[in-house]
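Notes for the one structure printed next.
Just so it is clear, none of the values below were taken in a lab; they were calculated from the coordinates. Remember, predicted model here, so these are calculated numbers, not experimental data. Reconstructed Cβ throughout: ideal geometry from the backbone, glycine too, with neighbour counts over all protein chains shown.
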Amino acid sequence: VLLSTLPRTLVVTSEIKSHISSAPGVAMAGEDELVVTWRLNESLAAGEADAKYKFVMVKMCFAAVSQVERAWRKTNDDLNKDKTCQFHITKKPYLPVPSSSNNDTVTWTVEKRVPGATYFVRAYALDSSGTQVAYGQTTDKNKTSNLFVVEPITGRHVSLDIAAGVFSAFSVVSLFGFFAVEKMRAKK
């Protein structure tokens, strides 16, 4: 299936729910949540445009700026070879009419394994066989607007910094101690 042949019939929005005060448009991996909402474009007639839609699959995708000189994130029009959208968010049954069950919204905690980069969200409408038949995304065709940044985990904790400081201080004190002992032995 080629992305260029799919109609863009879904309207997708995303919002970051931060548990830690951070800059707008920035999510902390492993801590913050991404709230994604999708619906059929209002200019299309429901029932006709979405007759084949059985499921919606939502993915987080690398923006163009995060794909530069990174072949493992390369965009390919053939969706079987495309490496843009590597992070699966959800797959839910498609409901043609907005319902009170909030089936057109998902809250996803940004996983710790997500690398630091700039992203957007894309949703695919799937038919009963699981083939993509339409899509929608939070950004424009060039993947340059309505983007957000994921800050990766650092892997460093305060306890690690304290231990490094203590051992560094101990090594300096030990060095001077051994130096003083050697000087005393040399004088005898």
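Side notes on the structure shown:
- Ordered by the count of other Cβ atoms within 10 Å of each Cβ, fewest first, Val1, Val110 give Val1, Val110.
- Once the Cβ-Cβ distance of Asn76 and Ile20 is raised to the sixth power relative to R0 = 45 Å, the FRET efficiency obtained is 0.80.
- Taking the Cα centre of segment 10-75 as reference, the dipole from Cβ charges on Lys and Arg (+1) and Asp and Glu (-1) amounts to some 320 debye.
- GNM top mover of Ser18, Ser168, Ser129 - the chain, alpha-carbon springs below 10 Å: Ser168
- Peptide packing: for 84-91, 181-188, the average count of neighbouring Cβ atoms within 10 Å per residue gives the ranking 84-91, 181-188, highest mean first.
- Separation of the Glu111 and Leu160 label points, Cα + 7 Å toward Cβ, nm: 2.1 nm
- Cα-centre dipole for the chain with unit charges at Cβ (Lys and Arg positive, Asp and Glu negative), debye to 20: 1000 debye
- Under the combined filter of DSSP loop state and at most 15 neighbouring Cβ atoms within 10 Å, segment 128-165 retains these trypsin sites (Lys or Arg not before Pro): Lys141, Arg156.
- Linear extension gain, Ser128 paired with Leu2, 0.36 nm per residue minus alpha-carbon span: 43.5 nm
- With the helix formula -39500 (n - 2.57) applied to DSSP H stretches of n ≥ 4, the chain reaches a computed 222 nm mean residue ellipticity of -6000 deg cm²/dmol.
- Charge dipole (segment 1-157, unit charges on Cβ, about Cα centre) - positive-most of Thr109, Thr154, Val133: Thr154
- On Cα atoms only, tilt of 158-187 relative to the major axis of the chain in degrees: 20 degrees
- q = 0.16, 0.22, 0.25 Å⁻¹, segment 64-146: log10 I(q)/I(0) [Debye, one scatterer per Cα]: -0.77, -1.33, -1.51
- Measuring between alpha carbons in the structure, the pairs from Lys81/Lys141; Lys81/Lys112; Lys112/Lys143; Lys83/Lys143; Lys112/Lys141; Lys52/Lys143 lying more than 21 angstrom apart are Lys81/Lys112; Lys112/Lys143; Lys112/Lys141; Lys52/Lys143.
- Pairwise alpha-carbon distances in the chain exceed 20 Å for 62% of all pairs.
- Residues whose amide H lies under 5 Å from that of Thr9, counting only those 5 or more places away or on a different chain, are Tyr135; hydrogens are built 1.01 Å from N in the peptide plane.
- Here the Gaussian network model covers the chain, with springs between Cα atoms less than 10 Å apart; of Ala71, Ala164, Ala45, Ala164 fluctuates the most.
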